[in-house]
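So the structure is just underneath, and the comments pick up after that.
The values are calculated or read from the model by the stated rules, or taken from the named source; none is laboratory data. Since this is a predicted model, take the numbers as computed values, not measurements. All Cβ positions, glycine included, derive from the backbone under ideal geometry; neighbour counts span all protein chains shown.
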Amino acid sequence: MKMSKYILLGTTILYLANPLVALADENIKKNTSNVSKNEGNNLNDLSVANKFSTDESVDSWLPDKNLQKALLEVMKIFEDKDTGKPMLPEDATVDEITKELAQKIYQGSYDQDFGLLKNRGIKDLTGLNFFQGLFYEGGDLSNNEIETIDPIIDASLIGYKGFMNLDGNHIVDASKSEDINASPLLNQTRDYGVINITGPKYIFNNPIKLGEYRGNVSKENITSIKVDGSSQGEFLESSNAFQFNDLTYGKHFVEIKWSDDTMESRNLFPLFSGKLTFILNYIPPMTGNVTVYYQNLNGGNIADSEVLSGNVGDEYETKQKKIDGYTFKEVQGNPTGKFTDQEQTVTYVYTKDPVKGADVTAKYVDESGKEIAQSEVKSGNIGDKYTTEKKDIKGYTFKEVEGSITGTLSDKAQTVTYIYVKNDDSENQTDPSEPAKPDNSGDTDNPVNNSDSNDADKTTDSNSTIKNVVNNVVEGAKTLLPKTAAEKLTLTGALGAVVVSLVGIIIFNKRK
């Protein structure tokens, strides 16, 4: 029974359509013939009049270029209801279309072409309301790119609400289709392009609106929901939306089909059908990095750096570390904040804890390694600077140093050795066993030094004389006296006498 209704309706439409096309072709030939016969001044005068009838640009009230071209063809064929002649000549341009002419267009019979506006890429119907008589008996705007029928919902435009064919467009809102008898609205398509999403779940609000008195879209109206060719997603009647879960990174093609045949009792095809398409582009979230450094006062790393990563806008938090041998001093940068698309750094600065270092000993030795002066010991913490010094040591001359005279204390003992050479003073010393030789040179140039020299010579001579006397006395005594105890006493006495005599001589000489 359902199929027979569709066949009956299809037969009726074909019955009406075929004679309409034939009549339209005959009318075009007749109008073309009339134009040829009246190619004279009347048409030229009409063209000039139309050009200057208004200064208003056609783009200002009829913006769709494809609609302009289609209506220009209509106006070259349809007759002016007042004159019975074509409204525009064959060489007319869209700039000659005026609101005045638009209001004169008249569809008075079935001998006029209903198909001049179909499949023309028309998208915007703004301005069509000025063509009041064009759709008096109906019209065909199928297979265009029309998204809304609002501009043509006007009783004065439709006249007696003749049948309006809007199949194959991009209409998703059929709630006002009854106003223009635009039924059925089949094979509608609407593409929403690429929709960027940032999570695995997405909710798409349902744009489909059924015809008046048909109620809201239900699950029965949604015939399929597919993602990348596979059934996925669901329609939520309570929120009138489509929900998609568990999406992965990348682009996913979505196709939603619908059909409304709830008015089947009116012997019509499904009243409203079509599909929605769009691409869900799940973009991996942008990430940001924060690099955390742990450094000493000189900017050297004292612990491994760390890199924190996260989505842009997410919170981050860095942490201070406890590092053996160091004490935290300060932090440079933001220890907490949000990840951005720019690199960020946070630096924790530490001071080194003091650690006693091993001593540095400075030694002072001769060439044989024998210490000739007190050693010096330098003490301090590891890392401290030290300096040793060379000493001036009497009787020795510095030769060389072994080791670093300056440096840094470490955990190992260090030695710096200063080596000296002993001075040679033998040429300046006199053998006391030999008498001094008098200097008889006599210096006449320096009488002060000469007098002193003579006095010294006299003293030397006296000493020499005394020495000789003592020696002679001792030797004589040894020879003359016998070697007995008494002899020893006598010898001692003799020697004493000699000594006394010598003392007297010395005193005498000094007084002189």
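Is there a residue in region 195-209 that is in contact with a strand residue (DSSP E or B) (Cβ under 6 Å, 6 or more places away or on another chain), surrounded by 15 or more Cβ atoms within 10 Å (Cβ to Cβ), free of Cβ contacts under 8 Å to residues at least 40 places away in the same chain and not in a strand (DSSP E or B)?
yes
Conditions tested, residue by residue: (1) in contact (Cβ under 8 Å) with a residue 24 or more places away in the chain; (2) under 30 Å from GLY395 (Cα atoms); (3) of a type in the set (Ser, Thr, Tyr).
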{"residue": "PHE339", "(1), (2), (3)": "yes, no, no"}
{"residue": "THR345", "(1), (2), (3)": "yes, no, yes"}
{"residue": "TYR348", "(1), (2), (3)": "yes, no, yes"}
{"residue": "LYS356", "(1), (2), (3)": "yes, no, no"}
{"residue": "VAL377", "(1), (2), (3)": "no, yes, no"}
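When region 315-358 is examined, which residues are found to be in a strand (DSSP E or B) and within 9 Å of GLY288 (Cβ to Cβ)?
Those that are in a strand (DSSP E or B) and within 9 Å of GLY288 (Cβ to Cβ): TYR316, LYS338, GLN344.
Restricting attention to region 350-377, report how many residues are over 52 Å from the mean Cα position of the chain (by Cα) and surrounded by 15 or more Cβ atoms within 10 Å (Cβ to Cβ).
Looking only at that region, the number is 9.
Taking region 409-423 on its own, how many of its residues are buried (at least 16 other Cβ atoms within 10 Å of the Cβ) and assigned to a strand (DSSP E or B)?
Residues meeting the conditions: 6.
Name, by its number, the condition in (1) at pLDDT 95 or above; (2) of a type in the set (A, V, I, L, M); (3) touching a helix residue (DSSP H, G or I) at 6+ places or on another chain (Cβ under 9 Å) that does not hold for LEU308.
Of the numbered conditions (1) at pLDDT 95 or above; (2) of a type in the set (A, V, I, L, M); (3) touching a helix residue (DSSP H, G or I) at 6+ places or on another chain (Cβ under 9 Å), the odd one out for LEU308 is (3).
Pull up region 276-306, narrow it to residues that are β-branched (Val, Ile, Thr) and under 14 Å from the mean Cα position of the chain (by Cα), then point me to the one that is surrounded by the most Cβ atoms within 10 Å (Cβ to Cβ).
Among those residues, the one meeting the criterion is VAL290.
Got at least one residue in region 224-240 being more than 43 Å from the chain's Cα centre (by Cα), among the aliphatic types (A, V, I, L, M) and modelled with pLDDT of 95 or more?
Checking region 224-240: not a single residue is more than 43 Å from the chain's Cα centre (by Cα), among the aliphatic types (A, V, I, L, M) and modelled with pLDDT of 95 or more.
Across region 297-314, what is the number of residues that are assigned to a strand (DSSP E or B) and in contact with a Phe, Trp or Tyr (Cβ under 6 Å, 6 or more places away or on another chain)?
2
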